[in-house]
Structure formats: structure tokens, C-alpha cells
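*Asks:* Take a look at this one; I'll ask things after.
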Amino acid sequence: MPGYKSHKTQVQTRLKRIEGQVRGVQKMVDEDRYCIDVLTQVGAAKAALDAVALLLLQDHTEHCVVEAIQAGDGSKKILELNEAVQRLVRGR
């Protein structure tokens, strides 16, 4: 069971909103809108994705990692968590 189960509806709602933001950015480009306005909206979409990522990391830590530690298999989950954070920070 995923750690974000308690926030699944919230995550889905945020992702749908982000999807709409990205479509809005695409429309702005189609309409040849001012570069700075497009960049502002790209920044807003990135910030929204970062917020989702942080929520997922929090849930993963509070549920998956804690459960693994309690089961005696915490080292593997902590390594997995650290690698996920590194990927997010690096943008890949």
C-alpha cells in the first residue's frame, strides 16, 4: 500500500490542477504571449510539482520508511529515500 494513500485525493487534485497549468502554458506559447508571462507560469507549475513531491516524500518517510525501520529493514528504505531526494534535487 502506498504511503500517500491518506493523501491520494489531495495528490490527484493537485496533479489535475498542474495539468491545467501546463495546458495553459502551452496555450500561452500558441498565442505568442510575452516571454516573462510564460516564464512566470512555468515557475508556478514547477512550484506546484515541487509541493506534490514534498508531500509524497513526507508520506513516504512517515509511512514506508517508518514501517521498514519497525520491521528491521530500515537501511534499505533510508537509502531508497536518500536516492529519491537526490533525484529530485538534481531534477532527474
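*Asks:* Pairs K16/K76; K5/K46; K27/K77: which are spaced more than 30 Å apart, C-alpha to C-alpha?
*Replies:* K16/K76; K27/K77
*Asks:* If you place +1 on the Cβ of every Lys and Arg, -1 on the Cβ of every Asp and Glu, and leave all else neutral, what size is the dipole of the chain about its Cα centre, to the nearest 20 Debye?
*Replies:* 100
*Asks:* Further, regarding this structure: Along the charge dipole of the chain, pointing to its positive end and built from +1/-1 on Cβ of Lys, Arg, Asp and Glu, which listed residue (N82, G72, V38) has its Cα farthest out?
*Replies:* So the residue we want is V38.
*Asks:* Right, another one. Go ahead and set up a Gaussian network model of the chain, Cα springs under 10 Å, then flag whichever of V29, V66, V42 fluctuates most.
*Replies:* Its mean-square fluctuation being the largest, the pick is V29.
*Asks:* Which of the helices in the chain meet the span-like rule: DSSP H, Cα axial reach of 30 Å or more, Kyte-Doolittle mean at least 0.5?
*Replies:* Those that pass (Cα extent of 30 Å or more, hydropathy at least 0.5) are 35-59.
*Asks:* Ok, one more. Can you pull out the GluC sites (Glu not before Pro) in the range 12-92 that DSSP calls coil and that have at most 15 other Cβ atoms within 10 Å?
*Replies:* Here the sparse-neighbourhood loop sites are E31.
*Asks:* Express in nm, to one decimal, how much length is gained between T61 and Q86 on full extension, taking 0.36 nm for each residue of separation and deducting their alpha carbon distance.
*Replies:* Length difference between fully extended and current span is 7.5 nm.
*Asks:* In percent, how large is the relative contact order of the chain, given Cα pairs closer than 8 Å and 6 or more residues apart?
*Replies:* Once divided by the residue count of the chain, the mean separation gives 32 percent.
*Asks:* Continuing with this model, one more query. Over the Cα atoms of the chain, what Rg and Dmax result, in angstrom?
*Replies:* In Å, with Rg to one decimal and Dmax whole: 17.0, 56.
Read-outs throughout are calculated quantities, based only on the coordinates presented, and are distinct from any laboratory measurement. This one's a predicted model, so the numbers in the text were calculated from it and none came from an experiment. All Cβ positions, even for glycine, are placed from backbone atoms using ideal geometry, and neighbour counts span all protein chains on display.
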